[in-house]
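Presented below is the structure to which this report refers.
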Amino acid sequence: MSIPENSGTTGEQHVPERREITVRRAPKYVPFLVLGGLLGFGVAAFLAYGLPGDESYDASAVFGFFMIMCGAGGVIVGGLVALVLDRVSVRRAQRAVVESVPDSVPDTEDRPGT
């Protein structure tokens, strides 16, 4: 079995570089924040339109007030959930060993049909 030589220099062999890396599945924060905000808006709609309230306040004004409060609260809760899942993923991280692969030599010959 022959070991391929590097085409740039004669007699020099490529020795693969080995490194140890950490592999883990981390959550994306933006979808959690958006989902938390949307759930907060849903809760605000339920509070404003689903529950009986004072007749002296317009339901849309009540919804606007609760939308700000519940939307912000939902974004905060979504962010906290993402942080907890991120910490769990750090604990479940696995170690792996990777090797570098030499770059391929580009074709310099004319290809048929080009």
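Points worth noting:
- Some residue of region 39-59 being under 30 Å from the mean Cα position of the chain (by Cα), loosely packed, with under 10 Cβ neighbours inside 10 Å and modelled with pLDDT under 90: no
- Candidate set from region 66-114 (those that are surrounded by fewer than 13 Cβ atoms within 10 Å (Cβ to Cβ), charged (D, E, K, R) and assigned to a helix (DSSP H, G or I)); member that is modelled with the lowest pLDDT: Arg91
- Qualifying residue in region 10-27 (condition: small (Gly, Ala, Ser) and over 30 Å from Val98 (Cβ atoms)): no
- Among all positions in region 20-35, there is at least one residue which is in contact with a Ser or Thr (Cβ under 8 Å, 6 or more places away or on another chain), in contact (Cβ under 8 Å) with a residue 60 or more places away in the chain and not basic (Lys, Arg).
The values are calculated or read from the model by the stated rules, or taken from the named source; none is laboratory data. All values derive from a computational prediction rather than experimental measurement. Here Cβ is always computed from backbone atoms with ideal geometry, including for glycine, and neighbour counts include all displayed protein chains.
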